[in-house]
Amino acid sequence: MKNITTKILTIGLTAVLCTGCLTACKVTNNSKINAKVNVNGEEVINTEIALGAGSWQAAESMTVTDELQKYFDEAISKIDGYSHEPVLLLGTQVVAGTNYCFLTVSTIQAHSAAKEMRLSYINVDPSGSATFLKDDILKLPGVGEGGDKVGGWAYAESTEITADIKKIMEKATETLTGAVYEPVAYIGSQVVAGTNHAILCKSTPSVAELNGATTYVLVYVYEDLQGNCEITETTDIELTVG
């Protein structure tokens, strides 16, 4: 089977925010999975890029609370053209106030039901006023503008990590070691001779010298017709507003 092309979201390091150490995130989901991936035929721990630049921190609780929803709604009300639904809080950065990054399901109003999944950033200043900063499309291979299906890929109807998705991840990584993969959102799929799955995961190295730095990784898993599963590719996701 051909590897999936996954150069999806390469975001530059921010140049305007201060640098520092990334604080490790406590992983609370019980479906933690040890994983190591193949790069150029060699097994390596997938921890090359930490979560964003400087003071970005992975969210300990990814729940979009009522307070966060209020800030998000205020920020999004200032832009036109999209309807955004925040589904997870991914990370925060303390600046002049706080920057927040959310995983969102975004509908382009001009295209009715067409949807995309995005990383959406807002800032809440010290006075409590919320402002939209930017968003980046979490683009799947072959998915066109507005979520059009090309090559069979489609965004998931629900981002929920179900028992079936947990089982797929467990099968795909059962013989691998080196990092902990925690699936946090189901992003999309492609029906082939079997199914390709795109799953957003937190990745925490399980070796002490890497200081437990947490990353976000988009993991592609191929599930064949017999139910066998394997990781075919991973893409590091980096948070930045630069």
Any chance the stretch 34-46 includes a residue that's under 15 Å from the mean Cα position of the chain (by Cα), modelled with pLDDT under 50 and either of a type in the set (A, V, I, L, M, F, W, C) or over 13 Å from Ala130 (Cβ atoms) (or both)? yes
I'd like the residue in the stretch 47-98 that is out of contact with any strand residue (DSSP E or B) (no Cβ under 9 Å at 6 or more places or on another chain) and more than 18 Å from Pro126 (Cα to Cα) and, out of all such residues, is modelled with the highest pLDDT. Asp66
Could you say which residue among Ala198, Ala110, Ala154, Ala172 is modelled with pLDDT under 85, among the hydrophobic types (A, V, I, L, M, F, W, C) and either outside any loop (DSSP other than H, G, I, E, B) or under 25 Å from Gly242 (Cα atoms) (or both)? Ala110
So is Gly146 at pLDDT below 90 and in a loop (DSSP other than H, G, I, E, B) or not? no
If we keep only residues of the stretch 113-137 that are part of a loop (DSSP other than H, G, I, E, B) and modelled with pLDDT of 90 or more, then the residue farthest from the chain's Cα centre (by Cα) is Ser127
Residue by residue through the stretch 65-107, note down the ones that are crowded, with 19+ Cβ neighbours inside 10 Å and part of a loop (DSSP other than H, G, I, E, B). none
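The values are calculated or read from the model by the stated rules, or taken from the named source; none is laboratory data. It should be emphasised that the depicted structure is a prediction, and the values quoted were computed from it without experimental measurement. Neighbour counts run over all protein chains shown; Cβ positions are idealised from the backbone, glycine included.
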